Amino acid sequence: MRQDERVPFVEALRRARQSAYAPGEYVEQESFMRAGEIRTLAERAGVAGGVSLLDLCCGLAGPGRFITRELGCGYLGVDYSRSAIDIARARAAGLPCRFEVARVPPLPAGRFEVVLLLETMLAFADKRTLLEGISAALTAGGRFAFTLEEGQPLTGPERADMPDADTVWLTPLGELCALLQRLGLVISWQEDCSLSHRTMADSLIAAFTADATAIAAQIGRPALDDLIAAHRLWSEWLATGRVRKFAIVAEKRASGC
């Protein structure tokens, strides 16, 4: 899916996504994360009034706007899709939010107390370059809050089965931890979200299927079929342990663990 195609895609799925989440848990996220999980991750990262936060690959910035509204912070959201940023900016009216259209990496100039990367680590084949930029963007003692799809890289048959497989780059947890430590980022908190996100994947499959006629009319049946197929694979992988899902906070320290 090209970046400029994402907004009509998201809009076509809005009704189904809203019905899939429990009341109060949908904040225009494009992921398996519930609002409560988003808030917990932000709180664990020390997001509060006056804290500077950089939200990478923010899309429509539903989670970012939610965090800013709930916890207060100086917020900068960055995404490559101009149309997504236009919508995010309009919906953030009255909130202390700024937005930039940019490809990541590189990261915007400046230093931040918190860098946020939700449900997007998966899309970066070159995680070293990304994490080097994040480490450089953090102040001393700053926190990197992110989600991780953990597991061995996809096999050839798995890549053939997964739609948009060129955005699916799994990483073993130990490998990522070692890379973080080499960059001065030490994990201070983590939580396994595998069961919760498997349940959410199943709920979204049911919602997309129930609203299939309306969704297909907007994005086409092949795109809808690919979306449901991808969610079924995530559900299966999370259920069997082929993939584990983590929410993680890593702190920038002067040296080592």
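The values are calculated or read from the model by the stated rules, or taken from the named source; none is laboratory data. Source: prediction; values computed, not measured. Positions of Cβ are backbone-derived with ideal geometry, glycine not excepted, and every protein chain shown enters the neighbour counts. Accessible surface is based on the protein model in full, side chains and every heavy atom, while ligands, DNA and RNA are left aside. Shrake-Rupley method; radii C 1.70, N 1.55, O 1.52, S 1.80 Å.
At the listed q of 0.15 Å⁻¹, the Debye profile of the chain, built from one uniform point per Cα, gives log10 I(q)/I(0) equal to -1.13. For segment 182-222, backbone nitrogen atoms closer than 18 Å to the point 7 Å from residue 19 Cα along Cα-to-C-beta are found at 200-221. Placing dummy labels 7 Å off each Cα toward the beta-carbon, the span from residue 129 to residue 70 is 3.4 nm. Helix content alone sets the calculated 222 nm mean residue ellipticity of the chain: runs of n ≥ 4 DSSP H residues at -39500 (n - 2.57) each, divided across all residues, give -14000 deg cm²/dmol.
Can you tell me the relative contact order of the chain? Whole percent, Cα pairs under 8 Å, sequence separation 6 or more. Walk me through the numbers on the way to the answer.
Numbers: 465 pairs, mean separation 55.1, N = 257.
Relative contact order here is 21 percent.
Accessible surface calculations at 1.4 Å, restricted to protein heavy atoms, place the chain at 43 Å² per residue. Between segment 43-120 and segment 195-252, the alpha-carbon centres lie 24 Å apart.
Could you look at the chain and say what percent of its accessible area is carbon and sulfur, using a 1.4 Å probe and all protein chains?
Values: 5710 of 11100 Å².
Exposed carbon and sulfur together represent 51 percent of the surface.
Equivalent ellipsoid of segment 5-69: semi-axes from √(5λ) of the C-alpha gyration tensor, largest first, are 23, 14, 8 Å. Note on the chain: with charges restricted to the Cβ of Lys and Arg (+1) and Asp and Glu (-1), its dipole about the Cα centre is near 560 debye. In segment 35-166, a dipole from Cβ-located charges (positive for Lys and Arg, negative for Asp and Glu) runs towards its positive end, and of 48, 154, 120 it is 48 whose Cα lies farthest in that direction. Taking the Cα centre of segment 166-257 as reference, the dipole from Cβ charges on Lys and Arg (+1) and Asp and Glu (-1) amounts to some 300 debye. Modelled this way, with points 7 Å down the Cα-to-C-beta line, the labels at residue 155 and residue 140 are 4.9 nm from one another. Sort segment 1-116 into rounded, prolate or oblate with this rule: let a ≥ b ≥ c be the square roots of the eigenvalues of the Cα gyration tensor; rounded if a/c is under 1.5, and if a/c is not under 1.5, prolate when a/b is larger than b/c, oblate otherwise. Because a/c hits 1.5 or more and a/b fails to exceed b/c, segment 1-116 counts as oblate.
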